[in-house]
Amino acid sequence: MTALAELQAREEARFAETHPRSRDLAARAAETLFEGVPMHWMRKWPGGFPVFVQEAKGARFVDVDGIEYVDFCLGDTGAMTGHGPDSTLRAMTEQAAKGITLMLPTEDALWVSGELTRRFGVSAWQFALTATDANRFSIRLARHLTRRSKIVVFNWCYHGTVDETFATLDEGVVGPRGGNLGPPVDPAQTTRVVEFNDVEGLERELRHGDVAVVLAEPALTNIGIVHPEPGFHDALRELTRQHGSLLAIDETHTICCGPGGYTGAHDLEPDIVTIGKPIAGGIPAAAYGFSEEVAGRLAGSIELEDVDVGGVGGTLAANALSLAAMRATLGDVLTEEAFARMIPLAERWTQGVETGIAEAGLAWHVTRLGCRAEYLFGPDRPRNGAEAHAAGNVELERYMHLYALNRGILLTPFHNMALMSPATTEVDVDVHTEVFREAALELSGA
Ligand SMILES: Cc1ncc(COP(=O)(O)O)c(C=O)c1O
């Protein structure tokens, strides 16, 4: 057994021993849930079974074994507001008593769309229930508008369960991403893939003249954090305009950069903005907005007869409860003042991890984007998705996550990301720093 496998076995034994009730529930769940989990990706949690939650509030939660955790996963951004923010809870409770879903607008839609316009610049908004749907609908409308068949995404992006985006580059050739289940068609038919920060590659793909829209996170967050290089966004904007392709910026995770996401913080000028996850404090809600120019071109292009059957829809979308939750969350929770607290906490988390890495002499690095921070198992900041993917290490990741979980800290199950909420404290951050330091020192034997 390797040293890492031995450490992993020790942590798994400790986890099983200290979580008897979760272990018991997991065993019972296998009787009625497919592979014992309500959502298949929950199998990814380290330790052999997931922790079952008793209750959550702010940046903490308690499991069914009575153990309290600092939550840096925060529902992988869905709970970036902290769990159950008071204002959102109040608004939801009041709205639920007055009607949950009607397929009719409530006045909150005006306030929310006005606020999204103020934050992100684009001014013609629609609502959905998930960021996945916001992206799917935007892609459809972009193809409809441009009469072009393809989209461009960046290698190793993630934009939700959107068929067209499950494509990666293998030695320069587009193919289905590993694990792409039952793709409707080979994604090479729908998608051109470019490495992030590769302006030449982008131009080469756009030159084909068949790209309806480039769908991009403004900084990659789903394969570790990959920052745009200076000038990349200017080139992206200029080239998409030059080649008649729309530019959709997915702010679902990069809302971590500030109230207006990366777009607001860096004055980007996208044609479409998509966002979901935390904007309603965890209540399912998402939004996608078009620039005035694109909205003008779209208006009148869809027959009234077809507006409910064109592949853009959802009877629960824009429901009264989601809109009330969005209004309260944007108005009172994800505010300028909240980000002014959250971003320094992420800086503190980053410094703590940096010190731990240096002390242990590991060839790792840590990077930050607004109130989100992440360590990667390589010495250098990746320039693109391929480099970030190459720095991945599944065994190390599982070990670090389980080590943290066994000591009261939850990180995302997907990579080594930590997110600060308005309820996170310096004490929470320092607890992580100490646990990370111990793990790093033990691993390196320093
Ligand atoms: C950038 C980005 N966009 C969209 C999504 C999809 O969000 P959801 O799964 O809530 O639909 C995700 C999910 O992780 C994401 O990271």
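Check D108, D76 and return the single one that is outside the structural domain of A285 (by TED's automatic domain parsing) and either of a type outside the set (G, A, S) or in contact with a strand residue (DSSP E or B) (Cβ under 7 Å, 6 or more places away or on another chain) (or both). Talk me through it step by step, then tell me what you get.
Details: D108 fails: outside the structural domain of A285 (by TED's automatic domain parsing).
None of the other options fit; the residue is D76.
I'm trying to understand the selection: among the residues of region 57-75, which are within 25 Å of N222 (Cα to Cα), hydrophobic (A, V, I, L, M, F, W, C) and outside any loop (DSSP other than H, G, I, E, B)?
Residues of region 57-75 that are within 25 Å of N222 (Cα to Cα), as a first pass: 58-61, 69-75.
Going one step further and asking which of them are hydrophobic (A, V, I, L, M, F, W, C), we end up with 59, 61, 70, 72-74.
Listed by number, the residues that qualify are F61, V70, L74.
Among the candidates T81, T88, T101, which residue alone is part of a loop (DSSP other than H, G, I, E, B), under 26 Å from T412 (Cβ atoms) and not basic (K, R)?
On the way: T88 fails: part of a loop (DSSP other than H, G, I, E, B); T101 fails: under 26 Å from T412 (Cβ atoms).
Matching residue, one of T81, T88, T101: T81.
For the subset of region 143-165 comprising residues that are assigned to a loop (DSSP other than H, G, I, E, B) and away from the ligand (no atom under 11 Å from the Cβ), which member is most open to solvent (accessible area, probe 1.4 Å)? Give the derivation first.
Taking region 143-165 first, the residues assigned to a loop (DSSP other than H, G, I, E, B) are 147-149, 155-162.
Checking which are away from the ligand (no atom under 11 Å from the Cβ) leaves us with 147-149, 155-156.
On the way: R147: 178, R148: 55, S149: 69, N155: 1, W156: 42 Å².
Step by step, filter region 143-165, then rank; the result is R147.
Take the conditions of a type outside the set (F, W, Y), under 18 Å from D271 (Cα atoms) and surrounded by fewer than 23 Cβ atoms within 10 Å (Cβ to Cβ) and apply them to R136. Does it pass? First the steps, then the outcome.
Numbers: of a type outside the set (F, W, Y): yes; under 18 Å from D271 (Cα atoms): yes; surrounded by fewer than 23 Cβ atoms within 10 Å (Cβ to Cβ): no.
In short, no.
How about region 271-301: which of its residues are open to solvent by less than 10 Å² (accessible area, probe 1.4 Å) and either within 14 Å of E217 (Cβ to Cβ) or free of Cβ contacts under 8 Å to residues at least 24 places away in the same chain (or both)?
Taking region 271-301 and keeping what is open to solvent by less than 10 Å² (accessible area, probe 1.4 Å), we get 272-276, 278-280, 285-289, 294.
The answer is I272, V273, T274, I275, G276.
Starting from residues that are touching a residue at least 40 places away in the same chain (Cβ under 8 Å) and over 13 Å from R119 (Cβ atoms), keep the ones in region 244-265 and report whichever is most open to solvent (accessible area, probe 1.4 Å).
The initial filter retains those residues of region 244-265 that are touching a residue at least 40 places away in the same chain (Cβ under 8 Å), namely 244-246, 248, 250-265.
Add one more test, that the residue is over 13 Å from R119 (Cβ atoms), and what stays is 244-246, 248, 250, 252-253, 256.
Values: G244: 38, S245: 5, L246: 8, A248: 2, D250: 6, T252: 9, H253: 8, C256: 0 Å².
Going through the qualifying residues, I end up with G244.
Output the residues belonging to region 263-278 that are within 11 Å of the ligand (Cβ to nearest atom) and touching an Asp or Glu at 6+ places or on another chain (Cβ under 7 Å).
First, the residues of region 263-278 that are within 11 Å of the ligand (Cβ to nearest atom): 274-278.
Within region 263-278, T274, I275 qualify.
Of all the residues that make up region 168-179, how many are out of contact with any Lys or Arg (no Cβ under 7 Å at 6 or more places or on another chain), away from the ligand (no atom under 16 Å from the Cβ) and free of Cβ contacts under 8 Å to residues at least 40 places away in the same chain? Explain how you work it out, then say what you get.
Restricting attention to region 168-179, the residues satisfying the condition of being out of contact with any Lys or Arg (no Cβ under 7 Å at 6 or more places or on another chain) are 169-173, 175-179.
Okay, now just the ones that are also away from the ligand (no atom under 16 Å from the Cβ), so 169-173, 175-176, 178.
Okay, now just the ones that are also free of Cβ contacts under 8 Å to residues at least 40 places away in the same chain, so 170-173, 175-176, 178.
Total satisfying the criteria: 7.
Going by what's in this entry, would A13 be described as over 23 Å from V70 (Cα atoms) and among the hydrophobic types (A, V, I, L, M, F, W, C)?
Details: over 23 Å from V70 (Cα atoms): no; among the hydrophobic types (A, V, I, L, M, F, W, C): yes.
Answer is no for this residue.
Mind checking which strands (runs of 3 or more DSSP E) fall wholly inside region 307-420 and carry at least 1 residues that are more than 18 Å from T252 (Cα to Cα)? Even if it seems obvious, please write down each step before you answer.
On the way: elements: 365-369, 372-376, 417-419.
Ranges flagged: 365-369, 372-376.
Working only within region 280-300, note down all residues that are small (G, A, S) and assigned to a loop (DSSP other than H, G, I, E, B).
Going through region 280-300, the residues small (G, A, S) turn out to be 280-282, 285-287, 289, 291, 295-296, 299-300.
G281, G282, A285, S291, A299, G300, listed by residue number.
Could you check, for region 414-421, whether at least one of its residues is at pLDDT 95 or above, touching a Gly at 6+ places or on another chain (Cβ under 6 Å) and buried (at least 17 other Cβ atoms within 10 Å of the Cβ)?
Yes, region 414-421 contains a residue that is at pLDDT 95 or above, touching a Gly at 6+ places or on another chain (Cβ under 6 Å) and buried (at least 17 other Cβ atoms within 10 Å of the Cβ).
Assuming E434 fulfils every condition listed in (1) more than 17 Å from E359 (Cβ to Cβ); (2) open to solvent by 10 Å² or more (accessible area, probe 1.4 Å); (3) assigned to a helix (DSSP H, G or I); (4) touching a helix residue (DSSP H, G or I) at 6+ places or on another chain (Cβ under 9 Å) apart from one, which condition is it?
(1)
Could you tell me whether any residue of region 108-125 is open to solvent by 30 Å² or more (accessible area, probe 1.4 Å) and within 16 Å of the ligand (Cβ to nearest atom)?
No, region 108-125 contains no residue that is open to solvent by 30 Å² or more (accessible area, probe 1.4 Å) and within 16 Å of the ligand (Cβ to nearest atom).
The values are calculated or read from the model by the stated rules, or taken from the named source; none is laboratory data. None of these values were measured; they are calculated from a predicted model. Every residue, glycine as well, gets a Cβ built from its backbone with ideal geometry; the counts of neighbours run over all protein chains shown. Ligands, DNA and RNA are stripped out before the accessible areas are found, and what is left, the full protein with its side chains, is counted by its heavy atoms. Shrake-Rupley method; radii C 1.70, N 1.55, O 1.52, S 1.80 Å.
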